[in-house]
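The values are calculated or read from the model by the stated rules, or taken from the named source; none is laboratory data. All figures in this text were calculated on a predicted structure; none of them were measured in a lab. Heads up, the Cβs are rebuilt from the backbone with ideal geometry, glycines too, and the neighbour counts pull from every protein chain shown.
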Amino acid sequence: MWIWQHPNWPSFDYVASSFAERIDVFYRSAERLSGRIEGMAERYQSGAVIDLMLSEAITTSAIEGETLDRDSVRSSLLNLVGIEAASPNADEKAFGAAMLLVDVREKWSQSLTHELLGGWQTMACPEERTSLALRGMYRGDAMRIVSGPYGHRKVHYEAPAAKDVQGEMNRFFDWYNNTNPANENAPEIPGPVRAAVAHLWFESIHPFEDGNGRVGRAISDHALSQSLGRPTIACLATAINEDCKSYYAALEQSQRGDSLNINRFVDYFTATVNKAQDIAKDEVGFVLNKARFYETYGDRFNERQAKAVARVLDEGRKGFTGGLSGKNYMAITKCSQSTATRDLAELRDMGALVSRGQGRSTRYEIAFPESKRMFS
């Protein structure tokens, strides 16, 4: 039996009080995170938010097996928030992923509708000539999630029949919009719990031919934002991606069997939401570190050094995998080995980089200056 076949579907059973401590942590952490960004000097605030959205846009697509170009996503985000003009060669998938993140932030207070979700699905799955998906439309066929080779397929989940999707979504929208905490008569459902229920419910309907995962995570962000009364800056997709197996295990366990008890998924989700805020805190810290770094060294780099350093910092808080090598430096700057050796030595000697290893095994990492006040 699948969860939607239960006679009492969708009357989910969960005990919100079981997660009271975790929920309290969520709200306290969200306040501190928001306060930290608001307290930053204005010239750093937009950079922090862009970096947070950049991480999410890339990761929410990576969960679905799609790799986006980081520079294209960043350029698209900067264009969408009005910081820089659009690139004439913007990657369609990168622009769609960026547009989805921005749209969810801008429309966090709005009710969910068929039209809004259809728009999000279209952003998540930009049109391609080879695509057979009905973009923005609910699926017209059966939906099964399977794995394994042909002849030995394992069915992980089977969604409701296509003919029932419209009605199922109507029921989902009624619940979601009536539980919006901004509504005076809305029942008191803690934000992370409501986001968990909304995500599981939507994924169980699986209304689209493609893009359900990305739209489902967008709905979770939307729900968290409504609970805070402002756009969330938690890195939910990034947190899920760090342990996808646990996500799929919790989802599959809750969608199978003859019970509507979803405590396991709520347990997984509320823990992951707090992890997402910890990641966001690290991302904001990285933005501040990067700002300090450029204030200290930015005007001392030659053109090659500036290009290589920017490339490393573009990798985000986790840095360049394995560190920056002389070979990497040559590839990034198109210079000779002797020039790379000299440039890297200069960066190390000025304190911008630290080195480890010797000879060809030498690797370099960014040396962030000690903390100082970067707030207004």
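Considering only residues in the stretch 13-34 that are small (Gly, Ala, Ser) and either under 21 Å from the mean Cα position of the chain (by Cα) or not in a helix (DSSP H, G or I) (or both), the one that is modelled with the lowest pLDDT turns out to be Ser34.
Name the single residue that is modelled with the highest pLDDT among those in the stretch 142-166 being loosely packed, with under 11 Cβ neighbours inside 10 Å and either part of a helix (DSSP H, G or I) or out of contact with any strand residue (DSSP E or B) (no Cβ under 9 Å at 6 or more places or on another chain) (or both). By that ranking, first place goes to Lys163. A residue that is in contact (Cβ under 8 Å) with a residue 40 or more places away in the chain, assigned to a helix (DSSP H, G or I) and within 25 Å of Glu209 (Cα to Cα) can be found somewhere in the stretch 62-82.
Whether any residue in the stretch 89-102 is under 30 Å from Ala159 (Cα atoms), surrounded by 12 or more Cβ atoms within 10 Å (Cβ to Cβ) and of a type in the set (Phe, Trp, Tyr) is what I want to check. Spell out the reasoning first.
Restricting attention to the stretch 89-102, the residues satisfying the condition of being under 30 Å from Ala159 (Cα atoms) are 92-102.
From what is left, the residues that are surrounded by 12 or more Cβ atoms within 10 Å (Cβ to Cβ) are 92-102.
Imposing the further condition that a residue be of a type in the set (Phe, Trp, Tyr) reduces the set to 95.
Scanning the stretch 89-102, I find at least one residue that is under 30 Å from Ala159 (Cα atoms), surrounded by 12 or more Cβ atoms within 10 Å (Cβ to Cβ) and of a type in the set (Phe, Trp, Tyr), so the answer is yes.
Within the stretch 336-364, the residues that satisfy the criterion of being outside any helix (DSSP H, G or I), loosely packed, with under 15 Cβ neighbours inside 10 Å and of a type outside the set (Ser, Thr, Tyr) are Gly351, Val354, Arg356, Gly357, Gln358.
When every residue of the stretch 269-284 is checked against the conditions, none turns out to be surrounded by fewer than 17 Cβ atoms within 10 Å (Cβ to Cβ), free of Cβ contacts under 8 Å to residues at least 60 places away in the same chain and not acidic (Asp, Glu).
Picking from residues in the stretch 215-252 that are in contact with a His (Cβ under 8 Å, 6 or more places away or on another chain) and of a type in the set (Ser, Thr, Tyr), the one that is modelled with the lowest pLDDT is Tyr248. From the residues in the stretch 300-335 that are β-branched (Val, Ile, Thr) and in a helix (DSSP H, G or I), which one is modelled with the lowest pLDDT? Selected residue: Val312.
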